[in-house]
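Structure, as structure tokens:
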Amino acid sequence: MTMRHFFITVFLIIASPLVGDVPRPDSIGETLVLLRDAIRDAGFPDAAINEKEQSVVSDPVDDDAMIAYPDNLHRSLQNASSDAERQAILDNFIIPFTGDLEEPDAFLPQSVMPVLRHVDYLNGADIDIALQQRPFAGDLFVAYVLDFPTHTAAITAERMVEEGYNADTLHNLALDNLAEKAQALTIEGTESGIYYLALDGYYENAMLLDDALWNSITSQIGPIAVSVPTRDFVMIAPQDNADLVKLMQDIRDDALAEAPYALSSTTFLWTDAGWKVMPE
């Protein structure tokens, strides 16, 4: 079984509206309903919402089904100035569901990127796919995607071999590409004393794989504790400040309970030997 993952981001092509105007959604849940209904109208009558993964699958029993994640869509719909503009945004977003997707995505070396996923990522999602994986720490593992302007597609172990890579060469390629993307990374501070990473809303989590980044941070502020409760939210606190570490963990717990794309409940410590799990 090879269910295709499409982590759809932003479309730049303007299409004609498929149906009536779209009202402004107040929550991710409302956006998921809009997305599900649009995918059904596009020719997938069995499209369904996966509540656990906060996604829409085009057909839960189809091996080649597509999965759409609505976070960027939700932001775009909220920021649009009119219902008609929201309709155009939604129509653009579902273009992959209306086109010919029988051919696999082109494997471009420069598009290979790493991501962190929870160990339960595929559990309960009605998916049987042999993702290429690498151990990380705690409750996370490393997976790999092909990054395109409109979506990302998961890289399977079979695809990796077909393209002439092994586990190490694929991982090193992904790290090189991550380093390029990291040129846009910033580290922001809060009044409380907690820091967080800001990149693009998708690959912040992958920055835990950049050893040079964490060596640089610790050289400036000393030993650190890190939390990554969602894929776009990486927090940093001085390890020797128990109050800030506790505050970071409280923020983590709130994010895990309320935010979409929950990732990890682990607090990580950066050490000379890499990431370790902080006992709680």
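The values are calculated or read from the model by the stated rules, or taken from the named source; none is laboratory data. Remember, predicted model here, so these are calculated numbers, not experimental data. Cβ: placed from backbone, ideal geometry, glycine included. Neighbour counts: every protein chain shown. These accessible areas exclude ligands, DNA and RNA; they are computed on the full protein's heavy atoms, side chains included. Shrake-Rupley method; radii C 1.70, N 1.55, O 1.52, S 1.80 Å.
Per-structure values
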quantity	calculated
Choice from N205, N241, N177 with maximal GNM fluctuation in the chain (Cα, 10 Å cutoff)	N241
For the chain: accessible area per residue (Å², 1.4 Å)	47 Å²
Ranked by how many other beta carbons lie within 10 Å on average, peptides 259-267, 211-219 from highest	259-267, 211-219
Rounded, prolate or oblate (a/c below 1.5 giving rounded, otherwise prolate when a/b exceeds b/c) for region 194-243 by Cα gyration tensor	oblate
Fluctuation leader among I187, I236, I67 - the chain, Gaussian network, Cα springs under 10 angstrom	I187
Cα centroid separation, region 27-66 to region 210-275 (Å)	33 Å
Label of the coordinate-derived value, Cα extents along the principal axes in Å, listed as (i) 68, 43, 26; (ii) 56, 45, 33; (iii) 95, 48, 29	(ii)
Per-residue SASA entry for R24, accessible area with 1.4 Å probe, Å² rounded to 10	110 Å²
Carbon and sulfur %, accessible surface of the chain computed with the full protein complex present, 1.4 Å	51 percent
Gain in span if fully extended, V119 to E85, counting 0.36 nm per residue against the direct Cα distance	8.4 nm
